[in-house]
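Let me begin by presenting the structure, written as structure tokens, before commenting on it.
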Amino acid sequence: MLHPKYRSLKCCTKEERLRCQQYIREQLKIIGGIATTVTVVQEVEPPPKKFKVADDLFSRFEDDNSYGMEENEDQATGYESDEYTFNDKKPDELDRYLAMEIDKSLLTNNPLDFWKIHSKTFPSLSKLARRVHSIPATSTEVERQFSSAGLIINQCRTNINPEQVGNILLIRSLNRVK
């Protein structure tokens, strides 16, 4: 969802898209320093069904037409979901990002280019996208394994079987855990 080319998540179900949005909002709260708390509200009787126009109900979840997103059959019905209720709330960064129109011709395969350009418009989303899409410089555990393998295979032991090297590395790593 944080990749501008694939933000509509066309192959995902509505539930998966909502979970993804919920996860992103939780991460945005963490980035913003706001503690997330979950409150459970039980209603005595179910709220009455509300009928809305499909455009009003699903405008937050639709990608713009430049991506060729077609309306799903669920969206064409024009009825609000019984499972989910949508409150009229001030749009957050994620809502604004999903609603914005993006020129498809300006997009590259690297999503970090997009987030660098839009870092002032979406400061928290930009930080989250950099965290998600960046590659760590090194992994110390991998470096340790290569170092251990280098110590095992030296001038004297060049004819050692690769399976045997793997066994030696496994035994060494198990000994470190103890």
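One line per residue, one yes/no per condition, for (1) farther than 30 Å from Met1 by Cα; (2) in contact with a Gly (Cβ under 8 Å, 6 or more places away or on another chain); (3) at pLDDT 80 or above; (4) surrounded by 14 or more Cβ atoms within 10 Å (Cβ to Cβ):
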site: Ser124; (1), (2), (3), (4): no, yes, yes, yes
site: Lys127; (1), (2), (3), (4): no, no, yes, yes
site: Arg130; (1), (2), (3), (4): no, no, yes, yes
site: Arg157; (1), (2), (3), (4): yes, no, no, no
site: Ile160; (1), (2), (3), (4): yes, no, no, no
site: Gly166; (1), (2), (3), (4): yes, no, yes, no
site: Asn175; (1), (2), (3), (4): yes, no, no, no
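Checking each residue in region 19-33 for being in a helix (DSSP H, G or I) and either over 17 Å from Glu93 (Cβ atoms) or in contact with a helix residue (DSSP H, G or I) (Cβ under 7 Å, 6 or more places away or on another chain) (or both) picks out Arg19, Gln21, Ile24, Arg25, Gln27, Leu28, Ile31.
The values are calculated or read from the model by the stated rules, or taken from the named source; none is laboratory data. Note that the structure is predicted; figures quoted are calculated from it, not measured. We place every Cβ from the backbone using ideal geometry, glycine too, and count neighbours over all the protein chains shown.
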